[in-house]
1. Which value, in Å², gives the accessible area per residue of region 12-97 when a 1.4 Å probe is used on the protein heavy atoms?
2. Just to confirm the filter: which trypsin sites (Lys or Arg not before Pro) across region 1-94 are DSSP coil and have at most 11 other Cβ within 10 angstrom of their Cβ?
3. Only four residue types carry charge here, +1 at the Cβ of Lys and Arg and -1 at the Cβ of Asp and Glu. Report the dipole size of the chain about the Cα centre in Debye, rounded to the nearest 20.
4. Just to confirm the filter: which GluC sites (Glu not before Pro) across region 5-92 are DSSP coil and have at most 16 other Cβ within 10 angstrom of their Cβ?
5. Identify which of 73, 15, 61 has the largest mean-square fluctuation in a Gaussian network model of the chain, with springs joining Cα atoms closer than 10 Å.
6. What figure, in Å² to the nearest 10, do you get for the accessible area of residue 38 with a 1.4 Å probe and non-protein molecules left out?
7. Pick the calculated Rg and Dmax of the Cα atoms in Å for this structure from [x] 12.8, 35; [y] 14.9, 42; [z] 16.0, 61?
8. Per the Cauchy relation, a quarter of the hull surface: what is the mean projected area of the convex hull of the alpha carbons in region 1-42, in nm²?
Amino acid sequence: MINFIHPIDASTGFLRTIYSDFINEFGSDKVNVYAYASDEDGEAYKSEITKLPENSSIIFLGHGRRDRLYGILEASSNPYFDTDEMKTFNKKNLFLLACQSSELL
């Protein structure tokens with residue numbers, strides 16, 4: 001299972017094609033998408049994401065800095081995952097498509 005996290009805002013909407021292509025190629029039973037356009041939905045998904053098992057494959061498509069991943073940028077300046085919360089991804093396969101993601105990792 002490949003898990004995509006995608007906070008959707010005006011500057012990230014075009015990234016939908018990435019997981020759409022994965023679904024078309026591998027099937028919807030092999031791809032799980034946490035795409036959201038509200039902070040409330042993002043928080044609900046965050047709870048699910050923290051429960052993903054070890055060795056899960058996760059692809060984050062959104063905004064970042066060297067000290068955080070953002071949710072919906074226009075809605076909040078609060079981090080979606082800050083440096084302390086990055087432990088959520090321990091023992092998981094994580095790919096970040098976000099600014100300064102290499103510094104965060």
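1. Counting only protein heavy atoms, the per-residue value for region 12-97 is 59 Å².
2. Those satisfying the criteria are 51, 91.
3. Around 340 debye, computed over the chain.
4. Qualifying residues, ordered by number: 54, 74.
5. Checking each option, the largest mean-square fluctuation is seen for 15.
6. 30
7. Of the listed options [x] 12.8, 35; [y] 14.9, 42; [z] 16.0, 61, [x] comes from this structure.
8. Reported value for the Cα convex hull: 2.9 nm².
The values are calculated or read from the model by the stated rules, or taken from the named source; none is laboratory data. In this text, all values refer to a predicted model and were calculated from it rather than measured experimentally. Backbone-built Cβ (ideal geometry, glycine too); neighbour counts: all protein chains shown. Please note that ligands, DNA and RNA were not included when accessible areas were found on the heavy atoms of the full protein model with its side chains. Shrake-Rupley method; radii C 1.70, N 1.55, O 1.52, S 1.80 Å.
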